[in-house]
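First the structure, in the form of structure tokens, and then the observations on it.
The values are calculated or read from the model by the stated rules, or taken from the named source; none is laboratory data. The structure displayed is predicted, hence computed values, not measured ones. Neighbour counts run over all protein chains shown; Cβ positions are idealised from the backbone, glycine included. The accessibility values were calculated without ligands, DNA or RNA, using every heavy atom of the protein model including side chains. Shrake-Rupley method; radii C 1.70, N 1.55, O 1.52, S 1.80 Å.
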Amino acid sequence: MVNVCVIGAAGGIGQPLSLLLALGLPNKTTLSLYDVAGAAGVAADISHIDRDITIKWANGKLPTVPADPEMKKIAQGVDLFVGAWTCSLSSLVSPASLAMSRDDLFNVNAGIVLDVVKTCASVSPKACFAIVTNPVNSTVPIAANVLKSLGCYDKNKLFGVSTLDIVRATRFINDERTPLNVATVPVVGGHSDVTIVPLFSQLAVGKEIAPGRITELTKRVQDAGTEVVQAKAGKGSATLSMAAAGARFALWIVDGLLGLSNPLVYSYVDTDGSQDTKFLAIPVVLGRNGIQQRLGLGKITATEEELLKIAKKAVTTNISKGEAFAKSKL
Ligand code: NAI
């Protein structure tokens, strides 16, 4: 049976994500929890839930050590790593960190992505990686380069988790009026700002909503993260909705790996030449070995085409930034 490992399990996303996985994973599976602080507590708490799954955990150290032996131990036999770690200013402990710029923060987070993926893949080279850590448009290319450097890159097993964009778009359009009963809004492109492109025109009800309103909804989906940050008075970002989205996505991957179903999902993945950018959020069908099939984007309107053009330009820049970082370190 599968073993799913949450990295950053004690964080704002990691805790509810671990809980939802503990509730949603099939019986006899393993949930492994790792964090640099607090994984033991989360594991003790979750292991009191009466589910027939095995809970494992390991705590790293702060400041972090490269190729942490504790991480290597927990990474044994893992089939899916869900990475929701981040280096926040408060976890850096050094006063100098308070003066960090956005670029510095990218470099620190990108460095952690590099180290975590390297350590995990060196132990479980055939595992799938679902990257939640932002900026997803760049962290996924970094992870791809690390895996390539280890000789274990499988383009069908690396995912940027963009599910929250789909979840939000679906909720927002259903809130327009009842009963629209939209199951899933396709969202393609990338996972930040203008790179997020909801394809409302592909919904049967899409034509029932005025074009001006579709523009407003698109903007709301693109800026939805800010809505949450502002409501939390700058003290946090989306964690609960993200955990719901991340758990759903991880459970779809598990369903595919176990051969229980072949979910059609939207994710930021290696396009394998099917698009004119190396990575893009596209529809894919999951199976026993990760991505089983990459699908086309389907029929889109001239307005959506225009949005996609803008998205691809930004995504290309984000990919280059990630790749340049990885190349400078590997
Ligand atoms: P958080 O700061 O609450 O939690 C992060 C956790 O990572 C902490 O428990 C910390 O101890 C841990 N951590 C730090 N360094 C680590 C390392 N080297 N190894 C393992 N764990 C480590 O942050 P939060 O809110 O949970 O966000 C996590 C990430 O998810 C951020 O990068 C955030 O930007 C991203 N995010 C992604 C979304 C998406 O849709 N893909 C949506 C919302 C946030």
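Scanning the range 214-238 for residues that are surrounded by 20 or more Cβ atoms within 10 Å (Cβ to Cβ) and charged (D, E, K, R) returns no hits. Within the range 22-37, the set of residues being at pLDDT 95 or above and either away from the ligand (no atom under 16 Å from the Cβ) or of a type in the set (Gly, Ala, Ser) (or both) comprises Ala22, Leu23, Gly24, Leu25, Pro26, Asn27, Lys28, Thr29, Thr30, Ser32. Scanning the range 256-277 for residues that are charged (D, E, K, R) and under 13 Å from Asn156 (Cα atoms) gives Asp270, Asp272. Considering each residue of the range 33-45 in turn, at least one proves to be among the acidic types (Asp, Glu) and surrounded by fewer than 21 Cβ atoms within 10 Å (Cβ to Cβ). Taking the range 46-68 as the range and being modelled with pLDDT of 95 or more and exposed (fewer than 15 other Cβ atoms within 10 Å of the Cβ) as the test, the residues that pass are His48, Ile49, Asp50, Asp52, Thr54.
Do we have Val123 as open to solvent by less than 40 Å² (accessible area, probe 1.4 Å), free of Cβ contacts under 8 Å to residues at least 60 places away in the same chain and more than 10 Å from the ligand (Cβ to nearest atom) here? Write out each step before concluding.
On the way: open to solvent by less than 40 Å² (accessible area, probe 1.4 Å): yes; free of Cβ contacts under 8 Å to residues at least 60 places away in the same chain: yes; more than 10 Å from the ligand (Cβ to nearest atom): yes.
In short, yes.
Of all the numbered requirements in (1) open to solvent by less than 40 Å² (accessible area, probe 1.4 Å); (2) away from the ligand (no atom under 14 Å from the Cβ); (3) in contact (Cβ under 8 Å) with a residue 40 or more places away in the chain; (4) farther than 28 Å from Arg220 by Cα, Leu147 misses one, and that requirement is (3).
Could you name every one of the helices (runs of 4 or more DSSP H) located completely within the range 156-258 that has at least 2 residues being over 22 Å from the mean Cα position of the chain (by Cα) and either closer than 23 Å to Asp270 by Cα or touching a residue at least 24 places away in the same chain (Cβ under 8 Å) (or both)?
Details: elements: 163-174, 211-231, 240-257.
Helices (runs of 4 or more DSSP H) meeting the threshold: 211-231.
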